[in-house]
Amino acid sequence: MENILSYEFMQNAVLTGIMASVICGFIGPFIVTKRMVFISGGLSHTAFGGLGIAYWLGVKPLYGATAFVLLAAGIIGNLEEKISDLFIGILWAVGVAVGIIFIHMTPGYTPDLMTFLFGNILMASRTDVIITLILLFLVTLPIFIFYKGFVSVALDEEYARARQLPVKALNMGLIVLVALSIVTLIQVVGIILVIALLTIPVAIAGEMSMNFKRIMLLSIVFGIVICLSGLSLSYFLELPSGASIILIGGMLLTLIKGAKKLSSHRKTTV
Amino acid sequence: MEHFIEITDVSFGYEDIPVIENVSLDIFERDFLLLIGPNGGGKTTLLKLILGIIKPWSGSIRILGDVTGRLGYVPQFASFNRNFPISALEMVLTGCISPQNFLKRYTKDDMEKAEMILEKVNLHDKRHENVKDLSGGQIQKVLIARALISEPVVLLLDEPTASIDITSKTSLLDFLNKLNEKMTIVVVTHDPTPFTLTYRHIACLNKNLYFHEKGELDAHILEYVYGCPVELLGHGIPHTILKKH
């Protein structure tokens with residue numbers, strides 16, 4: 001293990017994976033309980049448009065993705081609830097279409113689409129590690145500061161309004177935090193698999209606790225376990241890293257759900 | 001008795017469709033007001049207007065005195081997100097959140113108040129249980145406790161007797177009666193029967209509002225408001241109001 005970790009690319013991958021898991025653990029429980037999974041899918045796919053344009057312009061793709069995701073967050077946060085599903089779906093598809101067109105138009109060697117779509121954490125550079133560290137603070141600090149407000153709008157928006165809380169701003173803030181998390185996660189598992197990393201650790205944690213803060217903590221722990229074991233799997237078996245991470249997560253969730261069912265079955269039969 | 005909430009000529013609607021029109025209503029201090037009417041008649045909308053969640057198209061709503069943060073709201077039973085894991089105690093604590101303190105942690109005082117109020121509604125032993133695992137009557141009590149922790153001067157309840165059983169209904173009514181000694185109570189309901197002993201005023205709302213003293217409510221008005229014949233069996237008190245279909 002010491003050997004592997006002496007490679008700089010592996011250090012970067014491990015650090016990015018751990019930080020991404022911490023971000024997931026903070027924001028994932030809000031996404032799951034507030035039913036923002038579809039919003040998250042829309043945001044991450046819109047990022048593809050930004051990636052494509054950035055690539056065409058010759059700047060760092062991550063910057064383009066960040067700009068697009070934040071723009072999409074601004075739009076989604078201002079949509080009326082009745083029509084939000086419709087427009088999130090449209091943003092989702094249009095984002096991908098823009099990305100495909102610009103990558104197609106980029107002269108010369110076309111980059112490996114797979115890297116954008118499925119991520120490659122093993123390609124994370126020192127700069128990426130630093131950017132992820134900044135994003136980690138940008139996501140977790142507001143959650144510490146606005147925790148009570150976010151819980152209020154996730155639990156009972158109408159009541160939060162009656163208490164005169166700035167509900168619209170809190171909802172918008174939460175969407176922006178989801179957007180920033182997605183930017184980080186795209187590097188790790190890619191656009192298509194982002195949703196899994198935001199939800200699987202929370203689903204596992206939810207099997208073990210019904211306390212929101214504990215769910216956050218457990219999500220971080222399981223996120224790290226999943227990321228690091230997926231990373232080792234991909235290194236030793238030479239498999240794509242993003243997909244390995246998600247598969248490990250899926251298997252762990254199935255295992256825990258199965259074990260829980262079995263033990264409760266045993267309890268009822270004895 | 002003094003006017004406490006003055007609603008004057010208020011109209012409001014969603015998109016272009018008016019839900020309530022030219023509603024005027026005075027609520028007195030320590031009043032027990034029943035707000036009845038058919039579904040879609042605007043009862044919940046009027047509550048939200050009083051709470052300031054929505055602003056009227058026209059007209060005014062005045063609440064006398066400084067009541068900032070002291071309007072106790074008990075929304076409809078099913079309105080909160082059951083998907084969110086939270087204990088009864090934590091849920092009650094969210095009732096003290098205000099724009100002034102939502103960035104700070106809960107104080108020791110808040111915690112003590114929450115425990116005390118849960119004691120009052122006989123739910124202290126359930127305080128660490130997840131709200132969604134409680135019974136209908138218990139959830140209703142948690143919602144009321146959440147409203148009470150802000151020491152409200154008025155308690156606005158939206159369909160508090162829906163989805164709870166008879167025993168819980170009786171204990172809820174006793175509890176509301178006791179609270180009425182100290183605060184104004186406004187109950188929105190489509191089923192006024194359980195409250196016939198306790199209410200002081202009744203207002204029927206179906207886009208327009210009709211206000212009555214106790215005992216004055218007559219069948220013609222109800223028929224007009226509900227848009228169907230309504231039978232009133234009035235052998236003194238209690239009144240029973242039945243729909244004929």
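For the reader, a short list of remarks on this structure follows.
- Of all the listed residues (A:Ser219, A:Ser264), the sole one being within 14 Å of chain B (Cβ to nearest Cβ), part of a helix (DSSP H, G or I) and polar (S, T, N, Q) is A:Ser219.
- Test result for A:Leu231, over 12 Å from the mean Cα position of the chain (by Cα), buried (at least 20 other Cβ atoms within 10 Å of the Cβ) and not polar (S, T, N, Q): yes
- Selection count, region A:233-247, where residues are free of Cβ contacts under 8 Å to residues at least 60 places away in the same chain, part of a helix (DSSP H, G or I) and not aromatic (Phe, Trp, Tyr): 5
- The set of residues in region A:138-178 being outside any helix (DSSP H, G or I) and either among the hydrophobic types (A, V, I, L, M, F, W, C) or at positive phi (or both) consists of A:Phe146, A:Gln164, A:Leu165.
- Test: residue in region B:87-97 that is touching a residue at least 60 places away in the same chain (Cβ under 8 Å) and in contact with a Gly (Cβ under 8 Å, 6 or more places away or on another chain): no
- Only one of the numbered conditions (1) under 21 Å from A:Ile76 (Cβ atoms); (2) within 14 Å of chain B (Cβ to nearest Cβ) is not met by A:Leu177, and that is (2).
- Elements of type strands (runs of 3 or more DSSP E) contained in region B:162-245, each with 1 or more residues being of a type in the set (Gly, Ala, Ser) and modelled with pLDDT of 80 or more: B:201-206
- Taken across region B:100-115, residues that are loosely packed, with under 13 Cβ neighbours inside 10 Å, within 13 Å of another protein chain (Cβ to nearest Cβ) and charged (D, E, K, R) do occur, with at least one present.
- If the condition is being more than 9 Å from every other protein chain (Cβ to nearest Cβ) and either of a type in the set (Gly, Ala, Ser) or within 18 Å of the chain's Cα centre (by Cα) (or both), then region B:80-94 contributes B:Ala88, B:Val92.
- Here A:Ile256 passes the criteria (1) out of contact with any Lys or Arg (no Cβ under 9 Å at 6 or more places or on another chain); (2) over 26 Å from A:Leu5 (Cβ atoms); (3) surrounded by 19 or more Cβ atoms within 10 Å (Cβ to Cβ); (4) not aromatic (Phe, Trp, Tyr) except the one numbered (3).
- Note on region B:95-113: residues that are in contact with a Cys (Cβ under 8 Å, 6 or more places away or on another chain) and part of a helix (DSSP H, G or I) total 2.
- Residues that are assigned to a loop (DSSP other than H, G, I, E, B), surrounded by fewer than 18 Cβ atoms within 10 Å (Cβ to Cβ) and among the hydrophobic types (A, V, I, L, M, F, W, C) were ranked within region B:36-79; the one that is nearest to the other protein chains (Cβ to nearest Cβ) is B:Ile54.
- Single match in A:Ile186, A:Ile191, A:Ile103 (criterion: in a helix (DSSP H, G or I), in contact (Cβ under 8 Å) with a residue 12 or more places away in the chain, over 20 Å from the mean Cα position of the chain (by Cα) and over 20 Å from B:Leu103 (Cβ atoms)): A:Ile103
- Tally, over region A:35-83, of residues that are within 14 Å of chain B (Cβ to nearest Cβ), outside any helix (DSSP H, G or I) and surrounded by fewer than 21 Cβ atoms within 10 Å (Cβ to Cβ): 2
- Which numbered condition A:Ala124 misses (of (1) at pLDDT below 95; (2) surrounded by fewer than 19 Cβ atoms within 10 Å (Cβ to Cβ); (3) more than 14 Å from every other protein chain (Cβ to nearest Cβ)): (2)
The values are calculated or read from the model by the stated rules, or taken from the named source; none is laboratory data. A quick note: this is a predicted structure, and the numbers were derived from the prediction, not measured. Neighbour counts run over all protein chains shown; Cβ positions are idealised from the backbone, glycine included.
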